[in-house]
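The values are calculated or read from the model by the stated rules, or taken from the named source; none is laboratory data. These numbers come from a predicted model, not from an experiment. Ideal geometry is used to build each Cβ from the backbone, glycine not excepted, and the neighbour counts take in all protein chains shown. Heavy atoms of the whole protein, side chains included, go into the accessibility calculation; ligands, DNA and RNA do not. Shrake-Rupley method; radii C 1.70, N 1.55, O 1.52, S 1.80 Å.
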Amino acid sequence: MRGAVIAGMVGAVIMASLMVAGVSDRTAAQSPFGDPNAEPAPFNPQMAALMSMLIQPRHTKLGLAGNAENWPLAGYMLKELKQGFAVVSKAVPRWKGLPVPDLVDAAVSQPLTLLDYAVKLKYRRQFDEAYESLTKGCNACHATTDHAFVVIKVPDASPFPDQEFAPQR
Amino acid sequence: MSWMSSPIRHFGRVAGAVLAITCAVSLAAWAGGAGFGDDDDNSEEEGPSYFGFVRDTSGATVPDAKVTVGAKNRGGVVTRTDLLGTYKVPGFGKEVDPKDVEVSCDKPGYKQLRVVRRSSPSSDPKIPIETECTLQRI
């Protein structure tokens, strides 16, 4: 009799555990992307997202503007690109332990300065050289951070069909 | 009674095992124990890694400089700076005191002027020990 009671209690505990596990599974299965009733989380994009949002499109637009010799637009995109690097350096000061502001400085500071001169002087040849140097800096930094497979290049076409890059007379 | 005790004992053993497994699985799930850590994260065993720039006296980075990172009585590692003028060396082991590790740099046409170690901003073992080696043209 005592044995039967113990067996019954053990069975009840097992059932309770299985029910709890089942409930957690159902909760987790609502959405793999999270709880719809949770408080909105602060938007905290990390390095890859910041590069895709703030750096790569601005690098592209700067190249397209320079290629079209649209100097006002090139100057604007250059300023935006510099601000993008500043935001990334502040948002992710260390990435995989490495000092992001120092890496950015080593990779792009000099070409950005040369680009600034080129845009102000409206000097296409210097722009092309400095832009090439900037692009090499991007790739050197990717190599340093073990992302050499992310290869940036001078854009050969516009991915922005809704934007005019030629100067407006 | 003895004819019943054996099946009950057997049932008890099986039930106990099932209960133990169920609890273990539930606890692992509750604790988020599904293993999201980096597979190659062995920083705890290795000790801090070493990272830094080699620059010239103007502050420009120097690619392809030879960098030697040596631990006292243990030999050292020789590497070269990349296009960005940086070097990276993995940790020597937890038993090596980073204070016993010295960094030097060299490149033909230059001599080493100074090596400055940055004060560690954190005790996080994933953050490397940083040094900046300055070369002067000769």
Residue that is of a type in the set (Val, Ile, Thr) and over 27 Å from A:GLN110 (Cα atoms), where the choices are B:VAL77, B:VAL67: B:VAL77
Tabulated pairs, region A:34-56, first surrounded by 10 or more Cβ atoms within 10 Å (Cβ to Cβ), second small (Gly, Ala, Ser), C-beta under 6 angstrom, 6+ apart or interchain: A:LEU54/A:GLY84; A:ILE55/A:GLY84
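Rundown of residues vs (1) within 14 Å of another protein chain (Cβ to nearest Cβ); (2) open to solvent by 30 Å² or more (accessible area, probe 1.4 Å); (3) touching a Ser or Thr at 6+ places or on another chain (Cβ under 6 Å); (4) not basic (Lys, Arg), yes/no style:
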position: A:ASN70; (1), (2), (3), (4): no, no, no, yes
position: A:LYS79; (1), (2), (3), (4): no, yes, no, no
position: A:LYS82; (1), (2), (3), (4): no, yes, no, no
position: A:LYS96; (1), (2), (3), (4): yes, yes, no, no
First in region B:92-108 and farther than 17 Å from B:GLN136 by Cβ and among the aromatic types (Phe, Trp, Tyr), second anywhere and open to solvent by 50 Å² or more (accessible area, probe 1.4 Å) and part of a loop (DSSP other than H, G, I, E, B), Cβ under 8 Å, 6 or more apart: B:PHE92/B:ARG74
Residue count, region B:114-125 (criterion: loosely packed, with under 15 Cβ neighbours inside 10 Å and either away from chain A (no Cβ under 14 Å) or not in a strand (DSSP E or B) (or both)): 8
Filtered residues of region A:102-147 (kept if open to solvent by 60 Å² or more (accessible area, probe 1.4 Å) and either closer than 26 Å to B:PRO128 by Cβ or acidic (Asp, Glu) (or both)): A:ASP105, A:GLN110, A:ASP128, A:GLU129, A:GLU132, A:LYS136, A:ASP146
